[in-house]
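Single-structure report; data block below.
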Amino acid sequence: MTKIDVLLGLQWGDEGKGKIVDVLTPGYDVIARFQGGPNAGHTLEFNGMKHVLHIIPSGIFHQDKINLIGNGVLIEPRIFQQEIKDLEAKGVDARRNLYISQKAHLILPSHRMMDAANEQSKGKAKIGSTLKGIGPAYTDKIARTGLRVGDTLASDFAERYARLKNQHLMMARAMDYDVAQFRIDGMTLEEYEQVWMDSLATLKSFRFVASEYFVNRCLQEGKRVLAEGAQAMMLDIDFGTYPFVTSSNTITAGVCTGLGVAPSAIGKVMGITKAYCTRVGAGPFPTQLDDETGKRLCEVGHEYGATTGRPRRCGWIDLPALRYACMINGVTELYVTKPDVMNDFDTVSMCTAYEIDGRTTDEIPFEYNTLAIKPLLEPFAGWKQSLAGVESYDALPQALKDYLAAIERQTGVPIAAVSISPDRKDVLFKQAVGS
Ligand code: IMP
């Protein structure tokens with residue numbers, strides 16, 4: 001029996017997970033998503049083309065690999081249909097190698113309306129949700145009122161759908177939300193509902209599986225399985241910066257509940273971190289830079305949301321948060337992305353601890369959202385050179401290697417590889433793969 005390896009983001013998302021999964025995929029037989037939904041935007045670049053995936057696992061471009069959408073994932077059928085069409089336009093036939101859990105929950109059009117209603121009712125305290133219906137759909141899952149992929153085959157699906165939608169309409173009206181002005185892609189709720197219903201045919205043309213048996217059977221047969229996380233540690237519903245989080249367990253523990261594997265089946269835990277830090281949406285971010293350096297990180301790093309297009313907030317790498325992430329997830333190796341964004345910087349800093357009320361701490365406080373947190377910064381000399389054409393970890397500039405070594409020292413976790421451009425060929429492993 002093999003173990004299931006896990007890959008997840010250790011910051012607030014957008015660490016470059018899609019790309020690293022794509023690079024690691026040749027070493028795996030199965031790539032499985034275990035949580036989140038179309039709020040995710042996993043960007044892959046190869047052969048000069050850019051691809052953004054939302055629900056479908058990042059192994060889909062490798063046609064000999066199995067891709068699995070687990071029970072912990074949310075599926076919005078219309079977005080799924082569009083993703084399938086985009087893949088078809090690129091010559092990828094996902095029907096050959098994509099399997100979907102019967103137990104994955106559905107995002108209804110009215111979940112998306114409820115997301116908008118909830119955000120509107122919060123006023124200034126908005127989460128900055130991607131408005132894909134994530135919170136309301138997981139709310140219904142926990143409330144035991146949700147609809148699952150397998151339910152689309154039931155004879156009473158239409159009635160159950162109508163019952164749930166009516167509940168949402170009642171709630172929206174009770175919140176004084178103007179349902180008539182709600183739009184998705186320019187369509188009213190009723191218009192969108194029509195295209196959503198039509199898109200169920202695409203969903204149903206895929207293989208629905210009991211994914212817990214499927215994945216455990218794969219492990220028993222000795223197949224190598226990679227669990228691909230979405231969002232990231234600091235957006236976890238339990239351990240993230242609540243309430244400025246997403247509504248699922250984005251952490252290693254989420255693999256067990258989102259795929260149906262035992263804790264003892266977890267193998268390597270690969271954590272992805274940018275060489276700096278970004279956050280999209282609202283919520284605390286102690287190392288955020290509201291100055292020219294922050295703007296430079298945003299511009300050079302093309303830090304705009306892959307799902308919403310919103311500019312991301314940028315700042316220095318936050319080691320108290322990273323250590324917390326390594327602890328909660330049991331990270332066994334780090335992947336560091338985008339140091340090339342800082343190629344021209346004279347100085348590159350890292351936050352090694354926080355100062356709160358005159359006290360130094362390296363722990364994440366309960367009052368993270370409200371306390372004034374001063375990041376204590378350690379400066380490093382910049383490497384001041386392009387990384388283009390660097391072909392091995394050893395050949396990286398010494399100043400960058402010193403910076404990376406400090407990350408290893410501070411987290412106690414070894415770096416497996418560093419990614420120095422958006423292209424899949426530019427991931428430099430510290431040791432030869434397999435050694
Ligand atoms: P929701 O999951 O769409 O409700 O969004 C909740 C929060 O998580 C917002 O601040 C979003 O910007 C953030 N978020 C959700 N998904 C992602 C992601 O894939 N990358 C980065 N941030 C995300």
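The values are calculated or read from the model by the stated rules, or taken from the named source; none is laboratory data. Just so it is clear, the structure is predicted and the values come from calculations on it, not from any experiment. So basically every Cβ, Gly included, is an ideal-geometry build from the backbone, and we count neighbours across all protein chains shown.
Output the residues belonging to region 398-435 that are over 16 Å from residue 340 (Cα atoms), among the small types (Gly, Ala, Ser), outside any helix (DSSP H, G or I) and modelled with pLDDT of 95 or more.
Within region 398-435, 412, 416 meet the criteria.
Examine region 251-262 for a residue that is part of a loop (DSSP other than H, G, I, E, B) and within 15 Å of the ligand (Cβ to nearest atom), and state whether such a residue exists.
Checked against the condition, which is being part of a loop (DSSP other than H, G, I, E, B) and within 15 Å of the ligand (Cβ to nearest atom), region 251-262 yields at least one hit.
When you go through 6, 21 one by one, which is the residue that is within 16 Å of the ligand (Cβ to nearest atom) and not in a loop (DSSP other than H, G, I, E, B)?
Checking each option against the conditions leaves just 21.
Across region 323-339, what is the total count of residues that are over 11 Å from residue 15 (Cβ atoms) and either outside any strand (DSSP E or B) or in the same structural domain as residue 251 (by TED's automatic domain parsing) (or both)?
The number of residues fulfilling the criteria is 10.
Taking the criterion of being within 19 Å of residue 192 (Cα to Cα), touching a strand residue (DSSP E or B) at 6+ places or on another chain (Cβ under 9 Å) and basic (Lys, Arg), would at least one residue in region 50-72 satisfy it?
No, region 50-72 contains no residue that is within 19 Å of residue 192 (Cα to Cα), touching a strand residue (DSSP E or B) at 6+ places or on another chain (Cβ under 9 Å) and basic (Lys, Arg).
How many residues does region 153-189 contain that are touching a residue at least 60 places away in the same chain (Cβ under 8 Å) and either in a loop (DSSP other than H, G, I, E, B) or among the polar types (S, T, N, Q) (or both)?
Result for region 153-189: 2.
Just to be sure before I move on: is residue 45 outside the structural domain of residue 279 (by TED's automatic domain parsing), crowded, with 22+ Cβ neighbours inside 10 Å and either without any contact (Cβ under 8 Å) to a residue 60 or more places away in the chain or not polar (S, T, N, Q) (or both) in the structure I sent?
no
Right, residue 26: surrounded by fewer than 22 Cβ atoms within 10 Å (Cβ to Cβ) and away from the ligand (no atom under 16 Å from the Cβ) or not?
Details: surrounded by fewer than 22 Cβ atoms within 10 Å (Cβ to Cβ): yes; away from the ligand (no atom under 16 Å from the Cβ): yes.
Against the criterion (surrounded by fewer than 22 Cβ atoms within 10 Å (Cβ to Cβ) and away from the ligand (no atom under 16 Å from the Cβ)), residue 26 qualifies.
Is there a residue in region 127-137 that is buried (at least 16 other Cβ atoms within 10 Å of the Cβ), away from the ligand (no atom under 16 Å from the Cβ) and under 28 Å from the mean Cα position of the chain (by Cα)?
There is no residue in region 127-137 that is buried (at least 16 other Cβ atoms within 10 Å of the Cβ), away from the ligand (no atom under 16 Å from the Cβ) and under 28 Å from the mean Cα position of the chain (by Cα).
If you scan region 263-281, which residues turn out to be over 20 Å from residue 354 (Cα atoms) and either within 16 Å of the ligand (Cβ to nearest atom) or in a helix (DSSP H, G or I) (or both)?
263, 264, 265, 271, 272, 280, 281
Can you tell me which residue is modelled with the lowest pLDDT among those in region 288-337 that are within 16 Å of the ligand (Cβ to nearest atom) and of a type in the set (Gly, Ala, Ser)?
The extreme case among them is 306.
Among (1) outside the structural domain of residue 241 (by TED's automatic domain parsing); (2) surrounded by fewer than 15 Cβ atoms within 10 Å (Cβ to Cβ); (3) assigned to a helix (DSSP H, G or I), there is one condition residue 145 misses while meeting the rest; what is its number?
Just one mismatch for residue 145, condition (3).
Being of a type in the set (Gly, Ala, Ser) and in contact with a helix residue (DSSP H, G or I) (Cβ under 6 Å, 6 or more places away or on another chain) is the filter here, so list the residues in region 277-308 that pass it.
Answer for region 277-308, where residues must be of a type in the set (Gly, Ala, Ser) and in contact with a helix residue (DSSP H, G or I) (Cβ under 6 Å, 6 or more places away or on another chain): just 301.
Of 360, 370, 352, which residue is assigned to a strand (DSSP E or B) and loosely packed, with under 14 Cβ neighbours inside 10 Å?
360
Which one of the conditions (1) modelled with pLDDT under 95; (2) of a type outside the set (D, E, K, R); (3) within 21 Å of residue 13 (Cβ to Cβ); (4) in a helix (DSSP H, G or I) does residue 130 fail to meet, given that it meets all the rest?
Of the numbered conditions (1) modelled with pLDDT under 95; (2) of a type outside the set (D, E, K, R); (3) within 21 Å of residue 13 (Cβ to Cβ); (4) in a helix (DSSP H, G or I), the odd one out for residue 130 is (4).
Exactly one condition in (1) of a type outside the set (Phe, Trp, Tyr); (2) surrounded by 19 or more Cβ atoms within 10 Å (Cβ to Cβ); (3) within 16 Å of the ligand (Cβ to nearest atom) is not met by residue 189; state its number.
Here residue 189 meets the rest and fails (3).
What tally of residues in region 227-265 results from selecting those that are among the polar types (S, T, N, Q) and surrounded by fewer than 19 Cβ atoms within 10 Å (Cβ to Cβ)?
2
Give the residues of region 55-114 that are among the polar types (S, T, N, Q) and assigned to a loop (DSSP other than H, G, I, E, B), sorted by residue number.
Once the filter is applied, which keeps residues that are among the polar types (S, T, N, Q) and assigned to a loop (DSSP other than H, G, I, E, B), region 55-114 yields 58, 63, 71, 97, 102.
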